[in-house]
1. For the Cα atoms of the chain, what angle does the longest principal axis make with the long axis of helix 232-241, in degrees from 0 to 90, nearest 10?
2. With the cut-off at 21 Å, report for the stretch 312-414 the share of all Cα pairs above it, as a whole percent.
3. Pairs Lys201/Lys277; Lys240/Lys471; Lys41/Lys179; Lys163/Lys201; Lys245/Lys494; Lys485/Lys558: which exceed 27 Å Cα-Cα?
4. Enter the accessible area per residue of the stretch 240-296 (Å², integer; probe 1.4 Å; all protein chains in place).
5. Computed over the Cα atoms, what is the radius of gyration of the stretch 129-250 divided by 2.2 N^0.38 Å, N being its residue count?
6. Counting only heavy atoms of protein chains, what accessible area per residue, in Å², does the stretch 391-493 have with a probe of 1.4 Å?
7. Keeping all protein chains in the complex and leaving out DNA, RNA and ligands, what accessible area do you get for Asp100 with a 1.4 Å probe, in Å² to the nearest 10?
8. How big is the stretch 336-470 by the Kirkwood estimate over distinct Cα pairs, in Å?
Amino acid sequence: MRRILLYILIVTTGLIFFSRLFYLQVVDTSFARLSENNAIKIVYDYPQRGYIFDRNGELLVSNQPSYDVMAIPRNVKAFDTAEFCKILNITPEDLVKKLDKAKIYSPRLPSIIIPQLTKSEYAYFQEKMRKYQGFYIQKRSLRDYQTHNGSNVLGYITEVNKKIIDENPYYISGDLIGKQGVEGYYEELLRGIKGVKYIQKDRFNRDIGAYKDGIFDTIPKKGKDINITIDGILQAYGEKLMENKRGGIVALEPRTGEILAMVTAPSYDPALLMGRKRSANFTKLYYDTIAKPLYDRGLLAEYPPGSPFKTINALIALQEDVVTTEDRFYCNRGYAYGRGRKLGCHAHASPLSMIPGIAQSCNAYFANVYRRIIEKYPTPQEGMDVWSNHLKSFGLGGYLGSDLSTGRPGKIPDANYYNKIYDYPTYKWFSTATLSNAIGQGEILMTPIQLANMTATISNKGWFYTPHILKKIEGQAIADEAFTKKHYTTVDAKNFEPVIEGMHQVYMSGTASALRIPGIEIAGKTGTAENFAKIDGKKTQLTDHSIFIAFAPVDNPKIAIAVFVENGYWGGRYAGRIASLMVEKYLKGTITRTDMEDWVLSHSLEDEYAKQYSGQPFSINK
């Protein structure tokens, strides 16, 4: 028995050793890979990123050659650091930091030591390369901007960080990736596919040719060229008009949802975030917390929409059958409600029906309309939810879901929102408690792109496509259902006719009659929104925002636009002029209202923005 047990023990031990040897030599290839890594150098061949063109085929972004100094830490031998640093204009301290960082990333894998050499730097360093073992030059493409505009639209490229490398095995240390805008959202289209070369080395670590005659090598595949929906000329013109001002402009093609222009002001030249000075420039832009040039106001800034919102209340009232186009309401410089409270209004004819009510932007008219909507139902909660759901069908109160890398939802309140504010049912609230909603103030917030989309929806009489920035890939029109599916509002098409006519009369006889463009029939709406900020811990009323929406031509809309100018006084002063000029520029290509253009270009609001810090009083009488 003991002899049998001994045999079993010997056989079992032998099987264990045999199994382990078999696993190490046959199954586990990690040692083979490690051996290959010692004898094989992997070199990546980076493709050109895809070009970016505007909607008319004008080149916006191309490429230029870039040369990075790479190092494989374990291969680096002692060298003359003083000469190296002098050649590449880097301090010894920075060199040590970069090499240490490269070792931490991987002693065996390459890391960027000096990025983006100029052609002259590359040519000079190439002559000295033999002195610096473990270093080599990696050629790749760097963006070459053919425009000084649209930085918020285009985005930029930057070096990948550890988080990106950990999450996506495609990227390695030193790779570049698109961030924000088109570069970020369409990174996989634009980046192409890296090529790989396996170089065999001898025992002296010298390159001796392609590994296995290059059967594993691959060639790089260029990124795809794309056309974006932006009109480069219109974008540049919008940025010019917004110089020395803050705010946002979004222009859409109503029939397609394509974004024609998306201006944020202030902005910056996209070339600033390219090359070896990118990091310093980005830091400077990032820490400008006053002007906020990196903040895309067209997508992120949430403003009260002001009087342009009255058009939506008119549509909801018609849909809910609480007013007709002939119902007239009196205005005595405003609308009085409850215990001496009054919603003020400017002087105009009275009483007014819907079309002149829109044309003259009568607050009293829309206060009556709003109350009828809410009070149609047994409780204000029911009326508020009906009103809120109509608004959400226009894409308000939520991120529109466009192919843009950022956005804000704005705010459309509902019954639950006001129940919490007024502690219902402990305290009851009625339609008059939310009366500011009648004129686009109160709790309502919208981004410029939401307001532009609302305007496009009105011009289409009740439907819209999701706003988007991509037009073509390699010359082929996009067929993404997300951007080719119509979204319908809860308002019937017939109810848009009187509202559109009211907006047309804004230009013909109303608050924008001085902004008419010869030969173009435009529908629009002026807006002025109260503007508050905390200064020294106190809520302070600043100069009002200037707001304007428009679409044209009225009978066959080709452009819908929304303009917000912060602290711009009233709707027709800045935003109305800018919107009218943008419409003419797009439809005609030239400007006939040079008087308006000269006024906009010669006026600045910088002194207005400085009042928050200088202590000067705010005013609306400038």
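The values are calculated or read from the model by the stated rules, or taken from the named source; none is laboratory data. Values in this document were obtained by computation on a predicted structure and should not be read as measured data. Methodologically, a virtual Cβ is constructed for each residue, glycine included, from the backbone with ideal geometry; neighbour enumeration extends over all protein chains shown. Note: areas computed on protein heavy atoms with side chains; ligands, DNA, RNA excluded. Shrake-Rupley method; radii C 1.70, N 1.55, O 1.52, S 1.80 Å.
1. 60 degrees
2. Taking all Cα-Cα pairs of the stretch 312-414, the fraction more than 21 Å apart is 46 percent.
3. Details: Lys201/Lys277 36 Å; Lys240/Lys471 25 Å; Lys41/Lys179 30 Å; Lys163/Lys201 32 Å; Lys245/Lys494 39 Å; Lys485/Lys558 19 Å.
From Lys201/Lys277; Lys240/Lys471; Lys41/Lys179; Lys163/Lys201; Lys245/Lys494; Lys485/Lys558, over 27 Å: Lys201/Lys277; Lys41/Lys179; Lys163/Lys201; Lys245/Lys494.
4. On the way: 2420 Å² over 57 residues.
Per residue, the stretch 240-296 has an accessible area of 43 Å².
5. For the stretch 129-250, the normalised Cα radius of gyration comes out at 1.50.
6. Working: 4350 Å² over 103 residues.
Value returned for the stretch 391-493: 42 Å² of accessible area per residue.
7. The value for Asp100 is about 70 Å².
8. On the way: mean 1/r = 0.0602 Å⁻¹.
It works out to 16.6 Å.
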